[in-house]
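Here the structure comes first, spelled out in structure tokens, and everything after it is commentary.
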Amino acid sequence: MAHWLSSKLDWGGRGTHLSRGLLVAGEGGGWSGMPLSPVQRNARPDRLLLERARRGVLVLERRALVRPSTLDNLIPWMFHTSMEDTMQPLHSSWNKNNRTTRSWPIRSLGLALLPLLSLLSPTSCVCIEQDKISLLRFVQGLSQDSGLSTSWRNGTNCCTWKGITCDADGAVTEISLASMGLEGRISPSLGNITSLLSLNLSCNSLSGGLPAELLWSRSMVVLDVSFNNLNGDLHKLPSTAGQPMQVINISSNQFTGEIPSITLESMENLVALNVSNNSFTGEIPSTICVKKPFFSVLDLSFNQFNGSIPVDLGDCSVLKVLKAGHNKLDGTLPNELYNATFLEHLSFPNNRLQGALSAEHLVKLENLVILDLAENGLTGDIPDSIGQLKRLEELHLEYNSMSGELPSTLSRCSNLRTIILRFNSFHGDLNNVNFTLPNLKILDFMQNKFAGTVPESLYFCSNLIALRLSSNNFRGQFSPRIGNLKSLRFLSLTNNSFTNITNTLQVLKSSLNLTTLLIGTNFKGEAMPEDETIDGYQNLQILSLADCSLSGKIPHWLSKLQNLKELFLYSNQLTGSIPAWISSLNLLFVIDVSNNSLVGEIPKALMKLPMLESENIVDGSNQVFPLPVYMAASLEYHKANYCPKLLNLGNNEFTGEIPLEIGHLKGLTELNLSFNNLQGEVPQSFSNLTNLQVLDLSNNHLTGEIPGALENLHFLSYFNISNNDMDGPIPTGGQFCTFPNSSFAGNPRMCGPMFIQQCSASVEAGPAPIRSTGLCGEDIVFAVAFAVFLGVGVLYDQMVLSRYFG
């Protein structure tokens, strides 16, 4: 869970080096202590601190404050783990989560303090009695202390207690109890520890409010209570100058209300403030930067802040990170904001911002590394002045209403790693831009109006791992030089006008790392390649050749794709039968060959697919896609195992009976056999498919009664058996009382309470079907609610009917 949460909260950056101040991170962003050499042990203290700073080790002088000279590379890291992408927050419905932000490793600030504080904690010191009393009151207030009460015993030296660090005088200087499984409330007694520098209670299950005594502490420099269940409003503190607090991390809790301006005004030494992933409301305090000469990091994201962006944020003279995404902010980016010229990370995604990027003011942000303004209402074009942002590495402008051609000056941003512009109205020929960017890894131009051929310069981006040009107006064939993209893992070109599918598959096979290939809705009317020389693709996991009107048969070269998990061949003109070798694809769990002209009986080879027989997920399926896979306009997947296990044979010319062996496919969540020529009865073995959520048997020639055992399919949320030759009573238990009349229409001999034709007494007196107890009572409410929550009905409509693939 912590991994899931932190993915969307990740901050990024290079290691931070301070010669004498709050914190210094190593080159990788992690924190580590290093043993001292004999030379270092004999060095003067000032020189020792400077040497440790140069080597990337945390430096913290007791009650020392960050000086302006130490801010050159300051970006405090305030989270506990890192990962690309970002997934969903605790208190937000946001799901556009494949934000391909840089993944900069980070650690807890409590851990960051350990190297120095351990030097200040001789084992021979005896703790101050008042500090011991305060610690014991804290542990006594916990409902779950994870064994601390065993370690923290009265009559023992608290400097030896777990998670406690003391200085040479026996004063407690650090409390580090992250990820201990603690439950209960935080005792105000911790505010009585007069020499406490750092308090880290992150990643626990603490509840209640945040004691005001911690915020007005006269000694504390770092406070980290992130990833807990703390709630309530923040206290209004007296405006007392000289508060030593430098870092506050209260992210990922349940705090509400407004952030009191008066509380922040007294924290003149504040360097970093993270209140993300809570439920704060109101406007962003306009005085947040007043009298804060060292203020460098501000994260307000994933809350409910409203109003406009305060113009006073431009007065934060050394601000490096400003994140306020996923709120309800409106208005425009104020011109004054561009006065914060030290900004490296500017992020306001998923708000209600409008207006255009200012060509005149954008050039002031020459230190910008990440610009994320996605999911707003921005208009206008990308100004030519963006080419002056030489340090820019990530550009996120997706889901806006921007237009115009891409500026040729974009090629001057030689450090660009990620460009995501999907779902806008950009147009023009991309050959006017030189994409020879040596660091480019992700490029996503989906759903724009670009035209022409794929620019040759793209083929020289040797580090490119994800390329998506789908839903544009591209045409022509692919150059063999696309084989230069040796690192390419994700390629989506769907819904364009590309030609020559055989050439495409031949030139792409040299991209040996390719795992996702989506090239459907192209190559209209061509023949399915059956050339056995189409090989390679040994790492391919997802393949879509859908909606191309390809003629021919299911080709044998597909049998070589032993890592294939998802195969989409729907909406073509394929003929023949499903080959028996399909059962050799041991990892395959999504098969969609609907809307073709396939014939014969449903092959029993399909009933032997290991991943459809198993209820487990595919090994290694936790791998995150470099870009989300879109299966409908508003439906996206970030991992392969998020996709439902699916078998779609609908709208073909299959004959014969439904195999009894279909009951072996216990992993199936969706089964569509509609619009075929199937006969016989509905197998009782369907009742074994207990994970089934969608079952469509409509428009066939099925006979007999609906097996009563289907009432035991408690997750079934979509069922359709209309337009067959069924008879007998409709089951009324389980999920069946939730299905509309249209699910059974076109079967004139069926009867039931929802039809005008009621079942006769002789039928009602016949053998009782197997059914769950009760009709639509409380016993199935959970199952119905769960299915509604999953939105399986929407999933089916969008995936099977919409046929939109990105």
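Size of region 323-480 from its Cα atoms: along the principal axes, largest to smallest, the extents are 48, 26, 25 Å. Each residue in C166, C316 was given a count of other beta-carbon atoms within 10 angstrom of its own, and listing them fewest first yields C316, C166.
Annotation: amide H-H contacts under 5 Å for G428 (H modelled 1.01 Å from N, sequence separation of 5 or more, or interchain): A451. With respect to the cross-link table entries K162/K291; K320/K565; K486/K604; K553/K608, which display a Cα-Cα separation exceeding 31 Å? K162/K291; K320/K565; K486/K604, as the Cα separations exceed 31 Å there. Rounded to whole numbers, the Karplus 3J(HN,Hα) couplings from phi for region 317-328 are 5, 10, 5, 9, 10, 10, 10, 9, x, 6, 10, 10 Hz, using 6.51 cos²θ - 1.76 cosθ + 1.60 with θ = phi - 60°, and x at Gly and Pro. Arranged from fewest to most other beta-carbon atoms within 10 Å of their beta carbon, D131, D381 become D381, D131. Annotation: amide H of G656 within the under-5 Å range of Q679, sequence separation 5 or more or interchain, hydrogens built in the peptide plane.
Cβ crowding within 10 Å, taken as a proxy for footprinting-reagent exposure, orders H361, H556 from fewest neighbours to most as H556, H361.
Across region 473-490, coupling constants 3J(HN,Hα) worked out from phi with the 6.51/-1.76/1.60 Karplus curve, θ = phi - 60°, read 10, 6, 8, x, 10, 8, 6, x, 5, 5, x, 5, 7, 5, 8, 5, 10, 10 Hz, and Gly and Pro carry x. Amide H to amide H distances under 5 Å link G257 with T281, where only residues 5 or more positions off or on other chains count and H is placed in the peptide plane.
No lab work stands behind these numbers, since they all come straight from the coordinates. What you see is a predicted model; the values in this text were computed from it and never measured. Counting neighbours? That spans all protein chains shown, and the Cβs are built from the backbone with ideal geometry, glycine included.
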